[in-house]
Amino acid sequence: MLHFQAPLANIFLLTLFWSKIIQLIDFSASLPHTLEWDPELGTHTDILHFSFDRSSSPPIVSVTCNKYVWWSSNMQPYGSDIPFLCPTCNSVQPWGEITKEEKTWSIQCSNPACGLNADKSRLQLRGAISMEKPANFTFVTPTKKRMSGWIQFRVIDVKI
């Protein structure tokens with residue numbers, strides 16, 4: 001997993017400030033469009049967007065938090081990191097095609113020797129990873145045009 005790299009956030013911040021300050025677009029509406037312009041930011045960080053609404057009557061404060069996570073069909077399916085090494089054979093980036101089911105996704109090691117003894121008999125199952133797709137997410141960036149983009153989760157939705 002990569003760590004936050006401030007120089008890569010410059011494009012994101014400039015685009016966000018342009019949308020909010022110059023074009024006077026609502027922050028919540030401009031954030032998804034801003035993320036589309038900066039794919040480099042997503043490869044190393046997630047974004048939490050907290051918003052507060054005090055406009056209701058009687059005075060009730062609504063607090064929401066949306067988490068934006070970068071996804072890639074090859075490297076981070078549904079925002080989950082794929083390990084660099086196979087846990088069974090320790091091959092570097094051995095993963096084959098991702099298999100997507102209704103509620104899960106899985107990937108298997110493509111190394112033909114994975115899980116075999118020296119005499120080519122099966123010692124253990126081939127390395128594989130299987131995870132559930134996250135619940136209640138929406139694609140922020142169009143999926144038909146890209147192999148990567150952003151997804152959004154509602155993390156907090158509270159009325160005080």
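Just one of the numbered conditions (1) modelled with pLDDT of 85 or more; (2) crowded, with 16+ Cβ neighbours inside 10 Å; (3) farther than 21 Å from D26 by Cα is not true of G149: (1). Looking only at residues of region 21-35 that are assigned to a helix (DSSP H, G or I) and at pLDDT below 75, we find that the one that is farthest from V69 (Cα to Cα) is I22.
Select, from P87, P134, P59, the only residue that is outside any strand (DSSP E or B) and modelled with pLDDT of 85 or more. Please lay out each step first, then the result.
On the way: P134 fails: modelled with pLDDT of 85 or more; P59 fails: modelled with pLDDT of 85 or more.
Of the residues listed, the single one that is outside any strand (DSSP E or B) and modelled with pLDDT of 85 or more is P87.
For region 108-149, a tally of residues being under 30 Å from L35 (Cα atoms) and either of a type outside the set (S, T, Y) or in contact with a Leu (Cβ under 6 Å, 6 or more places away or on another chain) (or both) returns 16.
The values are calculated or read from the model by the stated rules, or taken from the named source; none is laboratory data. Because the structure is a prediction, the values reported are computed rather than measured. Virtual Cβ from ideal backbone geometry, glycine too; neighbours counted across all protein chains shown.
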